[in-house]
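For reference, the structure is listed below as structure tokens.
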Amino acid sequence: MSDEGLVQELKDLREQVLGVSDTLVATADGLLVASDSYEIHAESVAALAAAALGLARRTAGEVAIGGLREVVTRAQSGHLVVYAIGEQALLAVRGDEGLDLDGLHVNSRGTVERLAALMSVDLGV
């Protein structure tokens, strides 16, 4: 797995979507793999994002709405969006209150696929 390739994907996403401030990739159990972050403690966010993703996966399964794609947390001053990268990893994106959420969802699809390929993760699609 190329850390440089992962970090470049994260930087590209930040540059393509208005309002993205920090990005990271972590394992599904919360271990930081790579980050492009300046304003957050990436290791802590990786662990919290994994917990949020795990809870949302469990909830989606319980209510039978299919495989989880993302978790969106909207707060007073911004967003944290966590995307599943298969069952083994995640992409977390922090954005300010002006985050282009629609643009993020469109651009993140390709980013998740490329990150999965770099990490050799099966997306199950």
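The values are calculated or read from the model by the stated rules, or taken from the named source; none is laboratory data. What you see is a predicted model; the values in this text were computed from it and never measured. We place every Cβ from the backbone using ideal geometry, glycine too, and count neighbours over all the protein chains shown. Ligands, DNA and RNA are stripped out before the accessible areas are found, and what is left, the full protein with its side chains, is counted by its heavy atoms. Shrake-Rupley method; radii C 1.70, N 1.55, O 1.52, S 1.80 Å.
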Picked from segment 113-125 (must be in a helix (DSSP H, G or I) and without any contact (Cβ under 8 Å) to a residue 40 or more places away in the chain), the residue surrounded by the fewest Cβ atoms within 10 Å (Cβ to Cβ) is ALA117
Suppose we filter segment 21-71 for residues that are among the hydroxyl-bearing types (Ser, Thr, Tyr), modelled with pLDDT of 95 or more and out of contact with any Gly (no Cβ under 7 Å at 6 or more places or on another chain); how many remain? 4
Search result, residues across segment 8-27 that are outside any strand (DSSP E or B) and either open to solvent by less than 40 Å² (accessible area, probe 1.4 Å) or free of Cβ contacts under 8 Å to residues at least 12 places away in the same chain (or both): GLN8, GLU9, LEU10, LEU13, GLU15, VAL17, GLY19
Restricting to segment 95-112, name every residue that is within 11 Å of LEU18 (Cβ to Cβ) and either part of a helix (DSSP H, G or I) or open to solvent by less than 10 Å² (accessible area, probe 1.4 Å) (or both). GLY95, LEU101, ASP102, GLY103, LEU104, ASN107
Could you list all residues from segment 9-35 that are touching an Asp or Glu at 6+ places or on another chain (Cβ under 7 Å) and charged (D, E, K, R)? LYS11, ARG14, ASP22
Kindly establish whether LEU91 is in contact (Cβ under 8 Å) with a residue 40 or more places away in the chain and in a loop (DSSP other than H, G, I, E, B). no
Among the residues of segment 40-58, is any part of a loop (DSSP other than H, G, I, E, B), within 15 Å of VAL112 (Cβ to Cβ), among the hydrophobic types (A, V, I, L, M, F, W, C) and open to solvent by less than 60 Å² (accessible area, probe 1.4 Å)? no
Please go through segment 59-80 and pick out each residue that is assigned to a loop (DSSP other than H, G, I, E, B) and exposed (fewer than 11 other Cβ atoms within 10 Å of the Cβ). VAL63, ALA64, ILE65, GLY66, GLN76, SER77
